[in-house]
Each structure stands twice: as structure tokens, then as C-alpha cells.
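Inspection log for the structure reproduced underneath, given as C-alpha cells.
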Amino acid sequence: MSLQTTYDSDNIFAKIIRGEMPKVAVYEDDTTLAFMDVFPQSEGHTLVISKTASSVNLLDMPADALADVMATAQKVARAINRGLKPDGIRLVQFNGAPAGQTVFHTHVHLIPMWEDRPLGRHASDMAPVEELEATAEKIRHEL
Ligand code: 5GP
């Protein structure tokens, strides 16, 4: 997938927004959604997306939708900090398959980091839904 690819409204995140695929939600408002990554690289790995922008990546993202996503990312990062007490939080965003993007609906990753815990591989090991739900609850509690 090149950087210039057109938006596919059947991508997995579009289906999650429409309620056609399950999610473990952390936070939702009129314009954004934050939910647990099912292949987490660490405990609390959360994705933040726009619900209003049909955007493939950073390059075609309207600035107002980008601002909404970043505001939600900050809100959720603060809740992750309070709820999970990581040593750091990585904010990551990939554009184009060669850069590591695998889902072509613009999103940012929030990846909590601990000094003594190795990071898992990207989009690799599926977590049990009960585990994701328990972690999401700790984050939601701090929102
Ligand atoms: P990207 O590689 O595009 O930056 O990130 C896509 C992310 O979506 C990956 O971290 C991957 O684990 C996650 N992912 C892929 N499919 C699903 C899914 O069906 N549900 C959820 N919650 N996350 C997914």
C-alpha cells in the first residue's frame, strides 16, 4: 500500500466504528474512539482513531480531525499514566506499508513502556479479551 492509496471503507477500523466488529473501548466522544489493540505490544496498548475522517494516513488527514485525535490521545495517555503507572508512553503513527502501517485508517498508538519489560512485536500476539477488558477498565477508571 503506497502513501497515496484511496480509503477503503471496509477496513477493520471502519467496521469497528460502525459496530460491525467487536472492540474493547477505552474512550469515545463525537469525533474520536480509543480502544485496545488486540495484538498489544505491552499492557495497555491503545489505538486512537477519528470517527469522522475517512483518512488513510497523516497525509490526507484533515487538520481538525487530527487535532481531535491528538486531544483524545493526550486524555487517554494521562489515564494510562494514572491507571497503569508505566515508566514511559510511546506515541507511534505509521504511514504506508513500508513504514509499518497495516491498517489503512489513520490511527495513533499509545504504547505504555516499563523499564524491566521487553516490548512485544508489532501486530503479532493476540491478547485474551478478558485481559484487554481488565486493563481497559483500569484506564477508563482514570478518565
Ligand atoms: P498499524 O500497523 O497500521 O500501525 O497498526 C494497526 C494496529 O491494529 C496493529 O497494532 C494491530 O495489532 C491492530 N489491529 C489489527 N487488527 C485489529 C482488530 O481487529 N482489532 C483491534 N483492536 N486491533 C487490531
Within region 68-87, identify whether any single residue is assigned to a loop (DSSP other than H, G, I, E, B) and within 13 Å of the ligand (Cβ to nearest atom), and answer yes or no.
-> no
For ALA123, indicate whether it is part of a helix (DSSP H, G or I), within 13 Å of the ligand (Cβ to nearest atom) and within 14 Å of the chain's Cα centre (by Cα).
-> no
Go through region 79-113 residue by residue and tally those that are open to solvent by 20 Å² or more (accessible area, probe 1.4 Å), touching a residue at least 60 places away in the same chain (Cβ under 8 Å) and within 12 Å of GLN41 (Cβ to Cβ).
-> 1
Taking only pairs six or more apart or across chains, which ones have beta-carbon atoms under 8 Å, a first residue in region 19-30 that is within 14 Å of the ligand (Cβ to nearest atom), and a second residue that is outside any loop (DSSP other than H, G, I, E, B) and aromatic (Phe, Trp, Tyr)?
-> LYS23/PHE35; VAL24/PHE35; ALA25/PHE35; VAL26/PHE35
Of all residues in region 1-51 being more than 11 Å from the chain's Cα centre (by Cα) and of a type in the set (Asp, Glu), which is nearest to PRO98 (Cα to Cα)?
-> ASP8
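The values are calculated or read from the model by the stated rules, or taken from the named source; none is laboratory data. Predicted model, so just to flag it, every value in this text is computed and none were measured. A quick note on method: Cβ atoms are made from the backbone with ideal geometry, for glycine too, and the neighbour counts reach across all protein chains shown. When the accessible area is computed, the model is the full protein with side chains, heavy atoms only, and any ligands, DNA or RNA have been set aside. Shrake-Rupley method; radii C 1.70, N 1.55, O 1.52, S 1.80 Å.
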